[in-house]
Amino acid sequence: DQQVKQNSPSLSVQEGRISILNCDYTNSMFDYFLWYKKYPAEGPTFLISISSIKDKNEDGRFTVFLNKSAKHLSLHIVPSQPGDSAVYFCAARGNAGNMLTFGGGTRLMVKP
Amino acid sequence: DGGITQSPKYLFRKEGQNVTLSCEQNLNHDAMYWYRQDPGQGLRLIYYSQIVNDFQKGDIAEGYSVSREKKESFPLTVTSAQKNPTAFYLCASSLYGGEANEAFFGQGTRLTVV
């Protein structure tokens, strides 16, 4: 039973427009959420995170929104750039240690 | 230059052989993890270790074994009991407990059974 789900396996966006990647979770014990970016044949790299006590965190072009009541978070990238093309993973951490549970990933393609 | 290193980058294994994937970190992290990624799929947790000489099974531990004799090292052995070992393997490390910290990943090892 997947505790973290990314229901869109792929997303295509025009350069300069907004990219919105979504993630849903089922475990109400998750207290910290992260987004990772991954290029082929490389390890994921940390992008941005948000604590469950917040509803928004912003870092440059990247903003993560958390809706605890809906158990939903989203990553907004504005403006999108071709270099943003990668697979994005949503991850969640429970309050027992730092073990992360990952979603299935969304492949973002930003077209020039 | 702190980081997490996986070796080798590519590994080929004959059916019936055991192989060991190396993972070393010099970040002084307490926790280390092994994940497996299959094409078009997310990261699935194989094993994790929060302290030296202790480790726990993840979601897909069958056919794998690990050891944690040193804080810096967390090798993964893919045994002949693993029925479908061809995949991309990722090792990660993080601080344990306290304020949330992201996990840092190695560059991965692609294992192919020939």
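For this structure, a couple of remarks:
- Once the trypsin sites (Lys or Arg not before Pro) in DSSP loops with at most 13 neighbouring Cβ atoms within 10 Å are cut out of chain B, the longest remaining piece is B:15-82.
- Inter-chain neighbour count for A:99-109: the average number of beta-carbon atoms from partner chains within 10 Å of each residue's beta-carbon is 4.
- Cα-Cα P(r), chain B, percent of pairs per 10 Å interval: 15, 50, 29, 5, 0
- Dipole magnitude of the protein assembly as shown, debye to nearest 20 (Cβ charges: Lys/Arg +1, Asp/Glu -1, about Cα centre): 520 debye
- Cβ-based charge dipole, chain A, positive-most Cα from A:7, A:49, A:25: A:7
- Inter-chain shielding of B:14-23 (mean C-beta neighbours from other protein chains, 10 Å cut-off): 0
- Of the residues B:5, B:28, B:80, the one whose Cα sits farthest toward the positive end of the charge dipole of region B:1-84, with +1 on the Cβ of Lys and Arg and -1 on the Cβ of Asp and Glu, is B:80.
- Overall form of region A:25-72 per C-alpha gyration tensor (a/c, 1.5; a/b vs b/c): oblate
- Across chain A the C-alpha pair distances fall into 5 Å bins from zero in the proportions 2, 13, 24, 25, 20, 10, 4, 1, 0 percent.
- Alpha carbon centroid spacing (whole Å) that separates region A:58-105 from region A:6-45: 5 Å
- Residue among B:51, B:16, B:37 farthest towards the positive dipole end of region B:1-66, charges placed on Cβ: B:16
- Residue A:67-residue B:27 pseudo-label distance in nm [points 7 Å out on the Cα-to-Cβ vector]: 3.2 nm
- Evaluated at q = 0.08, 0.09, 0.11 Å⁻¹, a Debye calculation over the C-alpha positions of the protein assembly as shown (equal weights, vacuum) places log10 I(q)/I(0) at -0.29, -0.36, -0.54.
- Taking only the C-alpha atoms of region A:36-98, Rg followed by Dmax gives 12.7, 38 Å.
- Couplings 3J(HN,Hα) for region B:23-36, derived from phi with the Karplus relation 6.51 cos²θ - 1.76 cosθ + 1.60 (θ = phi - 60°), are 9, 10, 9, 10, 9, 6, 7, 7, 9, 9, 9, 10, 10, 10 Hz, where x marks Gly and Pro.
- Dipole check for chain A: with +1 at the C-beta of Lys and Arg, -1 at the C-beta of Asp and Glu, and the Cα centre as origin, the magnitude is about 100 Debye.
Every number here is computed from the coordinates shown, using simple stated rules; none is lab data. Here the structure is a predicted model, which means the values were calculated and not measured. Counting neighbours? That spans all protein chains shown, and the Cβs are built from the backbone with ideal geometry, glycine included.
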